[in-house]
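The values are calculated or read from the model by the stated rules, or taken from the named source; none is laboratory data. The structure displayed is predicted, hence computed values, not measured ones. Here the Cβ is made from the backbone with ideal geometry for all residues, glycine too, and neighbour counts use every protein chain on show.
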Amino acid sequence: MRIAFITWEFPPFIVGGLGTYSDYISRWIAKLGHEIQVFAPRPAGIEGPREEERDGVVVHWVDTLEQTHPLRHIFNDEISGSGDWVNFFGRIVVFNSAAAS
């Protein structure tokens, strides 16, 4: 089977659990004898090959458009995901889940 695996996080650029999962599941699928190709965004400022193979997995590093946060001078990365933001977006998720039910 030929499989295209699209993810926004893949080693060595790991932010959370998705990168670890993407790494393990893609190698596991390759060990089962399937052809797997992973497509992941290339982090800004990182140079190197656009395609590489490791453990039977072909990884395609895709250049993406820079998406600049309009309020980047007010909110830095450390505080943008905490406090009132968490409560605000948490309520949106709960509302959307309830409305979809």
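Brief remarks follow.
- Per the conditions (1) in a loop (DSSP other than H, G, I, E, B); (2) at pLDDT below 85; (3) among the small types (Gly, Ala, Ser), the sole criterion not satisfied by residue 90 is (1).
- Where residue 83 falls short, out of the listed (1) on the phi < 0 side of the Ramachandran plot; (2) at pLDDT below 70: (1)
- One residue alone among 62, 57 is assigned by TED's automatic domain parsing to the domain that holds residue 15, surrounded by 10 or more Cβ atoms within 10 Å (Cβ to Cβ), modelled with pLDDT of 95 or more and under 21 Å from residue 18 (Cβ atoms), and that residue is 57.
- Annotation: of all residues in segment 16-32 being touching a Phe, Trp or Tyr at 6+ places or on another chain (Cβ under 9 Å) and β-branched (Val, Ile, Thr), the one that is surrounded by the fewest Cβ atoms within 10 Å (Cβ to Cβ) is 25.
- Pairs with Cβ under 8 Å, 6+ apart, first in segment 19-45 and free of Cβ contacts under 8 Å to residues at least 24 places away in the same chain, second hydroxyl-bearing (Ser, Thr, Tyr): 19/7; 22/7; 42/64
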